[in-house]
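S.K.: The following block contains the structure, expressed as structure tokens.
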Amino acid sequence: MSTDVSGMIECRPGARLWGLDDEDTVWEAGIDLFLLNRGNAYDGLACLFGIRNSFGFRPLAEDRGFPDDASEGLRREFAGPDFAYGTTWVTWAELAAADWQETNASGTRSRASAAGNDTDWGRVWSVMRILSEVHGAENVRLVVWFY
């Protein structure tokens, strides 16, 4: 049985403008992952999120759950716990700080070769990078779930 990924990029524009404690600083839906990512290559899912991790990667953001402070747009799109599993999220700050040369357990695949800029994930990273230039790296995140 195959595994598919869904998700959305969110940003928190108010954080940069008013600070994290302001009541108007909320997450806003950015763009659906479906519009950017054409594949669900299992090595990428493994190294990023620990899904189907027979490759032996140390995942960047495994099973963090659905964010309590998710945007209304994301809440509308989320498949829900009855249909989804492995829900998690990762910020651009975490992705930017990741060791993309780190390899899987066998030392044969790097994180960059599985999910780097030259893979289908590259378009996602480009959008997140641009949003982080405007809103800050901690205020841009990708929320995903699997089914």
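S.K.: Which one of 58, 75 is free of Cβ contacts under 8 Å to residues at least 12 places away in the same chain and surrounded by 12 or more Cβ atoms within 10 Å (Cβ to Cβ)?
M.R.: Unique residue meeting the criteria: 75.
S.K.: Still on this structure: Considering the range 1-35 alone, what residues qualify as being assigned to a loop (DSSP other than H, G, I, E, B) and among the aliphatic types (A, V, I, L, M)?
M.R.: Listed by number, the residues that qualify are 1, 20, 26.
S.K.: Just give me the residues in the range 36-59 being among the aliphatic types (A, V, I, L, M) and either under 15 Å from residue 69 (Cα atoms) or assigned to a loop (DSSP other than H, G, I, E, B) (or both), in sequence order.
M.R.: Within the range 36-59, 36, 41, 51 meet the criteria.
S.K.: Select from the range 118-131 the residues that are closer than 15 Å to residue 97 by Cβ and without any contact (Cβ under 8 Å) to a residue 60 or more places away in the chain and write down the one among them that is surrounded by the fewest Cβ atoms within 10 Å (Cβ to Cβ).
M.R.: So the residue we want is 129.
S.K.: Additional query: Which of the numbered conditions does residue 91 fail, given that it passes all the others? Conditions: (1) in contact with an Asp or Glu (Cβ under 6 Å, 6 or more places away or on another chain); (2) among the β-branched types (Val, Ile, Thr); (3) closer than 13 Å to residue 146 by Cβ.
M.R.: (3)
S.K.: Then there is this: List the pairs whose first member sits in the range 4-23 and is within 17 Å of residue 129 (Cα to Cα), whose second member is modelled with pLDDT of 80 or more and hydroxyl-bearing (Ser, Thr, Tyr), and whose Cβ atoms are under 7 Å apart, counting only residues at least 6 apart or on separate chains?
M.R.: Filtered contacts from the range 4-23: 10/71; 12/25; 15/25.
The values are calculated or read from the model by the stated rules, or taken from the named source; none is laboratory data. Nothing here was measured: the structure is a model prediction, and the numbers come from that model. Neighbour counts run over all protein chains shown; Cβ positions are idealised from the backbone, glycine included.
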